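Report on one structure; see the data block that follows.
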Amino acid sequence: MAEYEQILFDVEDHIATITLNRPDKLNAFTGTMMNEIIDAFDRTDADDDVRAVIVTGAGRAFCAGADLSARGDTFSQGGSDVQTDAGVPRDGGGMTTLRMFDSKKPVIGAINGAAVGVGVTMTLPMDIRIASNAARFGFVFARRGIVPEAASSWFLPRLVGISQALEWSYSGRVFEADEALQGGLVRSLHAPDELLPAAREIAADIAQHSAPVSVSLTRQMMWRMLGAPHPMHAHRADSRAILERGRSADAKEGVESFLDKRAAVYPDRVSDGLPDVFPGWEDPAFE
């Protein structure tokens, strides 16, 4: 198990679990936590033994938002020490969510308790979110005199629709898990002691049966196409991806194992790199 100050990290059965670990502070978000989460995702991307990632919280909260120990000055200096070319500090929540967005492995949020402020916006780039039926959610920024962060103005409307995103963000109210389910923010609700087993069941289904390179490429294709202006962009990417993957050892193994009625053993590795199916699509720079 890797040693961190404010998170826990372990890998078992091809599943990495990242646990926010400031339970006495309701896992309030800090710069240290941001750096450790980013480092943990660097580790999962580099480790071919990891085929899925679960993010959860220790204790009774998932993450109760930013650490407010600086009181009224909490947000006055921006979110991190990293600056844009205009000298504006980058939002730390956004640095975290953008790293999750770039993950080469699928990410499952197991939201065990309160997820408020950055505690909820950090979950938005996760591929699947499940929650305890005791969890509560809140996009509380307007009630703190600030605005949504962590690139949530991009993620949230795409996940739940513009009307629901604005209602939650305008009011800043904290709402129950049932409303999060009805609004499309989470996939399913579970009893507290059944939450992590449910997350591991989802992760294990991916880890045990799907080709890791195919999963990784599928993740990139789906997320990136949310911003495509026309389905032709998807058609071009799909065509390149089908050709590249169709020629791969994984594709041969996938077909042969199906016909032989046996479990597949996929030889290709994510760490060897993914095919470029997005020619001409430049990654957005943040100088």
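The values are calculated or read from the model by the stated rules, or taken from the named source; none is laboratory data. Remember, it's a predicted structure, so these values are computed and weren't measured experimentally. Every residue, glycine among them, receives a Cβ derived from its backbone with ideal geometry; neighbour counts consider all protein chains shown.
Count of the stretch 10-30 residues, restricted to those that are crowded, with 19+ Cβ neighbours inside 10 Å and either over 12 Å from ALA58 (Cα atoms) or without any contact (Cβ under 8 Å) to a residue 24 or more places away in the chain (or both), is 3.
Annotation: of all residues in the stretch 153-188 being in contact with a Gly (Cβ under 7 Å, 6 or more places away or on another chain) and assigned to a helix (DSSP H, G or I), the one that is nearest to VAL11 (Cα to Cα) is LEU159. Between ALA131, ALA86, the distinction of being of a type outside the set (D, E, K, R) and modelled with pLDDT under 95 belongs to ALA86 only.
Has the stretch 231-249 got any residue that is within 18 Å of LYS105 (Cα to Cα) and touching a His at 6+ places or on another chain (Cβ under 6 Å)? No; the residues of the stretch 231-249 include none that is within 18 Å of LYS105 (Cα to Cα) and touching a His at 6+ places or on another chain (Cβ under 6 Å).
The set of residues in the stretch 189-234 being hydrophobic (A, V, I, L, M, F, W, C), within 30 Å of ARG136 (Cβ to Cβ) and not in a helix (DSSP H, G or I) consists of LEU189, ALA191, LEU226. Only one entry in ASP91, ASP102 is within 17 Å of THR123 (Cα to Cα), assigned by TED's automatic domain parsing to the domain that holds ARG144 and modelled with pLDDT under 95, namely ASP91. State which residue is farthest from GLN208 (Cα to Cα) when the search covers only the stretch 254-271 and only residues that are part of a helix (DSSP H, G or I) and touching a residue at least 40 places away in the same chain (Cβ under 8 Å). The extreme case among them is SER271.
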